[in-house]
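Taking it in order: structure first as structure tokens, then the write-up.
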Amino acid sequence: QVQLVESGGGLVQPGGSLRLSCAASGSISRVYAMGWYRQTPGKQRELVAAITSGGITNYADSVKGRFTISRDNAKNTVYLQMNSLKPEDTAVYYCNAEIRRQAYFSTNTYWGQGTQVTVSS
């Protein structure tokens, strides 16, 4: 089994910062791309940022210059540093990872349980 466990969400004022973490654990052989998505009620889940195992990053236009994704491959953990937060960043944030399990040849996509981020004064 593989699990992704997120932490770091909460309530923050506009202009503030939060750091999300997501750790993958279980019978993991290798973790490939990791990313963060977000979803608000009535809308589709959207990509916020992604990072390859080699450190190549990709960001949604709405967060470029404000959010930074990073990872610690030794810990199978991905981070999302969110600065200059705006009310429109309010959403449930989900982490995502492409993982090959031990004794398997193919990869699967795994999701975390989601963590609420609320930006409000």
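The values are calculated or read from the model by the stated rules, or taken from the named source; none is laboratory data. All of these numbers come straight from a predicted model, not from anything done at the bench. For neighbour counting, all protein chains shown are included, and Cβ atoms are generated from backbone atoms with ideal geometry for every residue, glycine included. Keep in mind that these areas ignore ligands, DNA and RNA; they rest on the heavy atoms of the full protein, side chains included. Shrake-Rupley method; radii C 1.70, N 1.55, O 1.52, S 1.80 Å.
Brief remarks on what is shown
- With at most 12 other Cβ atoms within 10 Å, longest stretch of the chain clear of loop trypsin sites (Lys or Arg not before Pro) (DSSP): 65-121
- Considering only the chain, percent of DSSP beta bridges that pair antiparallel, nearest 5: 95
- Protein heavy-atom surface of the chain, 1.4 angstrom probe: 47% of the accessible area is carbon and sulfur, with nucleic acids and ligands not counted.
- Förster-model FRET efficiency, 25 Å R0, residue 58 and residue 13, C-beta, rounded to 0.05: 0.35
- Using θ = phi - 60° and Karplus 6.51 cos²θ - 1.76 cosθ + 1.60, couplings along region 27-38 (whole Hz; Gly, Pro as x): 7, 9, 8, 7, 10, 9, 5, 10, x, 10, 10, 9
- Accessible area in square angstrom per residue, the chain, 1.4 angstrom probe: 54
- Within region 96-121, backbone nitrogen closer than 18 Å to the virtual label 7 Å beyond the Cα of residue 72 toward Cβ: 96
- Residue (of 117, 57, 73) at the positive-pole extreme of region 39-121, dipole from beta-carbon charges: 73
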